[in-house]
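Written below as structure tokens is the structure these notes are about.
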Amino acid sequence: MKIIAATPASQAHTPPTVPPREEIFALADWVRLAERTSLGKMLDIGARPEILSFALGLPAPELFPAQDYATAVTQVLHRDALALQLGPPYRPLKQLIVKLMEQRGVECREGQVFLTSGAQQGLSLLARLLLNQRGQVIIEETAYTGLHMAIQPFQPKVLTVSSDAETGMDVEELERLLAGGARPAFIFAMSDGHNPLGVSLAQAKRERLVELARSFRVPIIEDDVYGLISYQDNMPAALRALDERWVFYVGSFSKIIGPALRTGWMIVPAELIPKLAIIKDLSDIDTCTLSQRAIAAYLDMGHLPAQLAAIRSEYKERRDLMIGALKKHFPEGTKWSVPAGGVFLWVTLPAGVDTIDLLKIAVEREQVAFIPGAAFGVAGDSVAKSSLRLNFTYCSRELIEEGIMRLSRALKELEVN
Ligand SMILES: Cc1ncc(COP(=O)(O)O)c(C=O)c1O
């Protein structure tokens, strides 16, 4: 368990400042303190087209349902005179989401659905709803980087709990923090398809986590963007299925239809929706009307079940191919999880390998990219230094083994130097 102040104590209460002489603009304090890391720069290089990338959590482009979606868009544009107008959140889409949530074991009502411009916006809206400047949050030691970004403007005190590779978040540590007086604005959790760990939260832990939220009256933000991408027959239900008051659910169409649609949703207590609507208004006014209506048409035409089946079966093949290649090419002592859902493998190399150093060689000499484990820790935290996150959904089957071979060569080069 760690307690980390995201803002050094010496800067804790600096008033808005006159910029130092060499700076032209007086930027907001949190932006001035926010730094682009060398890792960020490396990842820019990793995004170049000649680089084989296991870095981002992107869907396989060849599985986008472009034809069916084109039909949906055309239909909406022909039939719906308001498809290009601003408008209130589209009720038919909310109703279809209520139905979709049944697949996550969740019962909810249209009045609890809040449409967003993607899950990242959902996280950002919830941070603004719940978190005060220099408030507290509880997250796992190794957590989704977009959550760090969403809370950064509040310069919060970040309390962390560790996670087990097989069963997920350590809920006993969480209990000790809460019983010890922590009063976070929220607990951030991913119950399935965890980014970056790939782990699914054990059932007993799900129940304990929700009990703790209830008894300490702390909301859980459940990020479930990968919840519908499952490789097992009996998918566990989302945390939101266990409590409709203390679990705020965040979902998205990004991973199941396409991220460019920039459309997602939240399931929250109905009484919070008017306040969320104010924050959404000041953020981007409206979720793209055309996307809302075209997604509704696409779902209504009944295309999603086949799309989900195609994604699940192809991604499972790719996951297994990547694991097979790791077994073949990586050194003894390397460990990885076998994810039951989601799009990431979490790989831990034998102690002593720093995966930030590995990334440099991998990108510059072998033209292959991944994200080093350290990127998922809170600033200054060295947890997961010898781990790396590999996405197995974006690269075609043919390129997966090639990429893993290149990475193993980079690892050998690192050991020689
Ligand atoms: C865990 C997690 N949450 C949220 C998002 C953002 O999703 P969206 O495209 O819906 O904003 C991502 C995207 O990679 C993600 O991995």
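The values are calculated or read from the model by the stated rules, or taken from the named source; none is laboratory data. For clarity, every value in this text was computed on a predicted model and none was experimentally measured. We place every Cβ from the backbone using ideal geometry, glycine too, and count neighbours over all the protein chains shown.
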Selection count where residues are over 18 Å from P305 (Cα atoms), within 11 Å of the ligand (Cβ to nearest atom) and of a type in the set (A, V, I, L, M, F, W, C), scope region 218-239 | 1
What is the one condition in (1) within 16 Å of the ligand (Cβ to nearest atom); (2) modelled with pLDDT of 95 or more; (3) touching a Leu at 6+ places or on another chain (Cβ under 7 Å) that Q136 does not satisfy?
-> (1)
The residue from L147, L115, L125 that alone is within 30 Å of Y298 (Cβ to Cβ) and in a strand (DSSP E or B) is L115
Cβ pairs under 9 Å, 6+ apart or interchain, first in region 231-259 and farther than 16 Å from R312 by Cα and without any contact (Cβ under 8 Å) to a residue 60 or more places away in the chain, second of a type in the set (S, T, N, Q) and within 16 Å of the ligand (Cβ to nearest atom), ordered by first then second residue, are L239/S191
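Take G198 and tell me if it is out of contact with any strand residue (DSSP E or B) (no Cβ under 8 Å at 6 or more places or on another chain) and not basic (K, R).
Judged against the criteria, G198 is not a match.
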Among the residues of region 240-261, write down those that are touching a strand residue (DSSP E or B) at 6+ places or on another chain (Cβ under 7 Å), more than 9 Å from the ligand (Cβ to nearest atom) and either of a type outside the set (D, E, K, R) or assigned to a strand (DSSP E or B) (or both).
-> W246, V247, F248, Y249
May I ask you to verify whether K327 is surrounded by fewer than 12 Cβ atoms within 10 Å (Cβ to Cβ) and modelled with pLDDT of 95 or more?
-> yes
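State whether one or more residues within region 272-287 are under 19 Å from E110 (Cβ atoms), modelled with pLDDT of 95 or more and either of a type in the set (S, T, N, Q) or part of a loop (DSSP other than H, G, I, E, B) (or both).
Checked region 272-287: at least one residue is under 19 Å from E110 (Cβ atoms), modelled with pLDDT of 95 or more and either of a type in the set (S, T, N, Q) or part of a loop (DSSP other than H, G, I, E, B) (or both).
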Which of the residues belonging to region 317-338 are closer than 19 Å to A351 by Cβ and within 22 Å of the chain's Cα centre (by Cα)?
-> W336, S337
